[in-house]
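Below: one structure, written as structure tokens.
The values are calculated or read from the model by the stated rules, or taken from the named source; none is laboratory data. A quick note: this is a predicted structure, and the numbers were derived from the prediction, not measured. Here the Cβ positions follow ideal geometry from the backbone for every residue, glycine too, while neighbour counts run over all protein chains shown. What goes into the accessible areas is simple: the full protein's heavy atoms, side chains included, and nothing from ligands, DNA or RNA. Shrake-Rupley method; radii C 1.70, N 1.55, O 1.52, S 1.80 Å.
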Amino acid sequence: MAKLIVDGIEIDVPAEFTLLQACEEAGKEIPRFCYHERLSIAGNCRMCLVEVKGGPPKPTASCAMAVKDLRPGPNGEPPVVLTNSPMVKKAREGVMEFLLINHPLDCPICDQGGECDLQDQAMAYGVDSSRFAENKHAVTDKYIGPLVKTSMNRCIHCTRCVRFTAEVAGTSDMGAIGRGEDMEITTYLQTAMKSELSGNIADICPVGALLPKPQNFKARPWELNKTPAVDVMDAVGSAIRVDTRGREVMRILPRVNEAVNEEWISDKTRQIVDGLRRQRLDRPYVRENGKLRVASWGEAFGVIAARTKATASEKIGALAGDLVSVEEMFALKQLVESLGSKNLDCRQDGSKLDPALGRASYIFNTTIAGIEEADALVIVGSNPRKEAPVLNARILKRKRAGKFMTGVIGERADLTYAYEHFGAGPESIADFVSKAPKDVAKPMMIVGQAALARPDGKAVLAALAKAALDMGMVKDGWNGFNVLHTAASRVGGLDVGFTPGEGGLDAIAMTNPGGADLIFNLGADEIDIAPGAFVVYIGTHGDRGAHRADVILPCAAYTEMSGLYANTEGRVQRSDRACFPPGDAREGWAILRALSDVLGKKLPYDSLGALRLALVAAHPQYGAVDEVVPAEAGAITALAGLGGAMDKTPFGSAVDDFYLTNPIARASAVMAECSSVAAGGYKQAAE
């Protein structure tokens, strides 16, 4: 630790701290534009100037000087830093005056208005006039994709976006051309950005040069109600904020959660907003003579009750989709079991994960933040760039820190970082184990759904568990065996046992010909149900599940209800309701509670609070919100002993099109455009 005196306050800080960080430790606010806590230091805006006593006779950029570089006083006194001296005040006013020479007076029509760093700092550190009367510099706006709108006249060349694409996204899409007043930030050839995290550059831009294109001129920040929520577009469980105006979701932004997503979210998470409005189911429907017609809730329940009464219990089944909350699955499980059925499944992709094998066999045991502690990684049957872009950025962060061996078994793909490819299928596992270094302290493995959602998935899982043990990935204080899920609901479903009971049918068997005769489909839109079964669809959108349904019960989307979700690492998170569902749509648990009464199997709770109490009583880990309850590593040893025969089919891909993985995304015109641009190689030019 090093001693430092900041504006008369003596503090102890690590010697590696920058002056800016040290000043903030002392409670002083330092203005900045180019500096960002998660990006490398550029030192090019000069707004963070401070005065250092005994240092150079000029202001010092506090972001670019470390505490260890300061000299003590003549008698060994701690270095003195001043943040509000006359020199600093004059210097900051000068910097602000230069920044505003070319910045247009767009504030009344700029979407950044009200959330703009330049506005705020001009008020705090600027002056009321300028000595410059020259014409302002004009720059042609650039096309950088369907998600980010450019207004490059406003750019102050802080280069945050350039550093983000290189260091966090890993694609190096953006850069600077020209020098001096001819400098421009661009994607060089004006192609679309290739990153699945590109929307984050609009968040970190300190001015209105980069803005979310789909929300352009739609709303002002002060008009919006802000609600904390959890993302369900993948299994990472990113912390998000849902901004609404009235009953309509206007935008989705990230919240800071160091343990999960830091402050980044994927483009799909951010821009499926229009998908929450389109193709929504807002009334019950009943199919008559091959066509769906509008019905009342009572009429729809009556049809379901008649069909349930006429169906043998062993022919009743239930499926749970990828976006549903734990409470909904818990309620549906209790309802179906009360009807005498054991045909339950939340694994609509056919994954062979089984809660009976132990919780450690299906969660991300290392935790997402634990990636930064690892010193070696092998990825099996997964493309984390498509399946979990935010988690992939965490891997890149660890890779950039150095000394991180990375290998892949499965498809060759651009993961934004270098890796060694060890093979494409299960036969490569043993070869990798023989070649892997044995002196690694904290190795880890990421197992994707492409390796598990296949007929030999359980044997593959057992072989990978054995490989993890052989390579020393499971030891005291460290469990490097990790399963990366693609569905937000999957870990919750496995936790509550939404899987077939003894003698029960799984998702594939239920939906094949001769399977279940009556299927309660809770938002499962990624599976085809063969003709013959009577399908009750409880969902949000007119997607595949609704097209196959005989009765449709409209349900609230994730932004329209309060719910618990368990992410891929088993972290329980609560999402709050931001707005109300459209029309007659209701929350899933409420639909199931009302239906249970009509079926004569009344569920024992009348409120969400009572349902959660029952859930926590049955599964205590759901009482610990935002915590990761470590799983018993002994499950990995038991899993490794299962064995089984594996075929030589190469591992495929769990996600074919990143932008169209669920009914909300498929209803979004923005996601459809992104998918089209990606399919065209990101070469689509500006219109």
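What figure, in Å² to the nearest 10, do you get for the accessible area of residue 98 with a 1.4 Å probe and non-protein molecules left out?
Approximately 140 Å² for this residue.
Sort the following peptides by mean Cβ neighbour count (other Cβ atoms within 10 Å, averaged over residues), highest first: 417-428, 121-132, 476-487.
Descending mean neighbour count gives 476-487, 417-428, 121-132.
Taking the Cα centre of the chain as origin, work out the dipole magnitude from +1 charges on Lys and Arg Cβ and -1 charges on Asp and Glu Cβ, in debye rounded to 20.
It works out to roughly 480 debye.
Considering all projection directions equally, how large on average is the shadow of the alpha-carbon convex hull of segment 204-320, in square nanometres?
Projected over every direction and averaged, the Cα hull of segment 204-320 covers 11.7 nm².
Got a number for carbon plus sulfur as a percent of the chain's accessible area, 1.4 Å probe?
C and S atoms contribute 52 percent here.
Taking the Cα centre of segment 540-687 as the origin and placing charges on Cβ (Lys, Arg +1; Asp, Glu -1), which of 566, 608, 661 is farthest toward the positive end of the dipole?
608
Measure nothing but the geometry: give the 0 to 90° angle between the long axis through the Cα atoms of 608-618 and the longest principal axis through the Cα atoms of the chain, rounded to 10°.
In the chain, helix 608-618 runs at an angle near 80 degrees to the longest axis.
Averaging sequence separations of C-alpha pairs under 8 Å and six or more residues apart, then dividing by the length of the chain, give the relative contact order as a whole percent.
Result for the chain is 15 percent.
Under a point-charge model restricted to the Cβ atoms of Lys and Arg (+1) and Asp and Glu (-1), what is the dipole moment magnitude of segment 111-252 relative to its Cα centre, in debye to the nearest 20?
Approximately 240 debye in magnitude.
For segment 1-160, what relative contact order do you get, as a whole percent, if you take Cα pairs closer than 8 Å and at least 6 residues apart?
22
Output the pairs from 142/683; 142/397; 399/442; 28/68; 3/399; 315/601 with a Cα-Cα distance over 21 Å in this structure; if there are none, say none.
142/397; 3/399
Can you compute the FRET efficiency between residue 69 and residue 547 using 1/(1 + (r/R0)^6), with r the Cβ-Cβ distance and R0 = 60 Å? Round to the nearest 0.05.
Computed FRET efficiency for residue 69 and residue 547 comes out at 0.35.
Taking every Cα atom in the chain, find the radius of gyration and the maximum pairwise distance Dmax, and write them in Å.
27.7, 95
When the helix-only estimate is applied to the chain (DSSP H runs of n ≥ 4, each -39,500 (n - 2.57), divided by the residue count), what is the mean residue ellipticity at 222 nm, nearest 500 deg cm²/dmol?
-7000 deg cm²/dmol
For segment 208-263, report the convex hull volume of the alpha-carbon atoms normalised per residue, in Å³, without decimals.
105
Angle between the Cα long axis of helix 457-470 and the longest principal axis of the chain, 0 to 90 degrees, nearest 10?
Around 50 degrees separate the two axes.
Per q in 0.14 1/Å, what log10 I(q)/I(0) does a Debye calculation on the alpha-carbon atoms of segment 312-351 return?
Here the Debye-derived log intensity ratios amount to -0.30.
Can you grab the distance from the C-alpha centre of segment 385-420 to the C-alpha centre of segment 512-528, Å, no decimals?
One Cα centre to the other: 36 Å.
Compute the length gained on full extension between residue 132 and residue 106: take 0.36 nm times their separation in residues and subtract their Cα-Cα distance, giving the result in nm to one decimal.
Roughly 7.6 nm would be gained on extension.
Using the heavy atoms of the protein chains alone and a 1.4 angstrom probe, what is the accessible area of the chain per residue in square angstrom?
Accessible surface, normalised per residue, equals 40 Å².
Can you give me the convex hull volume of the Cα atoms of segment 560-687, divided per residue and expressed in Å³?
Given the Cα convex hull of segment 560-687, per-residue volume reads 245 Å³.
If you take the square roots of the eigenvalues of the alpha-carbon gyration tensor of segment 122-226 and sort them as a ≥ b ≥ c, do you get rounded (a/c under 1.5), prolate (a/b over b/c) or oblate?
Judged from the Cα gyration tensor, segment 122-226 comes out oblate (a/c at least 1.5, b/c at or above a/b).
Compute the distribution of all C-alpha to C-alpha distances in segment 431-528, in bins of 5 Å from 0, and list the percent of pairs in each, rounded to whole numbers.
Histogramming segment 431-528 at 5 Å steps yields 2, 10, 16, 20, 17, 12, 9, 7, 5, 2, 0, 0 percent.
Given a Förster distance of 45 Å, report the FRET efficiency between residue 177 and residue 607 from their Cβ-Cβ distance, rounded to the nearest 0.05.
E(calc), rounded to 0.05, equals 0.15.
Identify, among 366, 104, 482, the residue whose Cα sits farthest towards the positive end of the charge dipole of the chain, taking +1 on the Cβ of Lys and Arg and -1 on the Cβ of Asp and Glu, with the dipole about the Cα centre.
Farthest towards the positive pole: 104.
Once you keep just the Cα pairs under 8 angstrom separated by 6 or more residues, what percentage relative contact order results for segment 1-79?
Reported relative contact order: 31 percent.
With no solvent and one point per C-alpha, what does the Debye sum give as log10 I(q)/I(0) for segment 525-599 at q = 0.17, 0.24 Å⁻¹?
Summing over Cα pairs of segment 525-599 leads to -0.79, -1.13.
Give, to the nearest whole percent, the P(r) tail of segment 30-153 beyond 20 angstrom, counting all Cα pairs.
Everything past 20 Å amounts to 56 percent.
I'd like the FRET efficiency for residue 401 and residue 356, computed as 1/(1 + (r/R0)^6) with the beta carbon distance as r and R0 of 45 Å, rounded to 0.05.
Calculated value: 0.75.
Once you order the gyration tensor axes a ≥ b ≥ c over the Cα atoms, which shape class does segment 497-642 get: rounded for a/c under 1.5, otherwise prolate or oblate by comparing a/b with b/c?
Since a/c reaches 1.5 but b/c is at least a/b, the shape of segment 497-642 is classed as oblate.
Could you please state, rounded to a whole Å, how far the C-alpha centre of segment 553-625 is from the C-alpha centre of segment 1-23?
Here the two parts' Cα centres lie 49 Å apart.
Once the piece of chain linking residue 598 and residue 508 is laid out straight, how much longer is it, given 0.36 nm per residue of separation minus the C-alpha distance between them?
Contour length minus Cα-Cα distance gives 29.5 nm.
Dipole of segment 356-449, Cα-centred, from +1 at each Lys and Arg C-beta and -1 at each Asp and Glu C-beta, to the nearest 20 debye?
It works out to roughly 320 debye.
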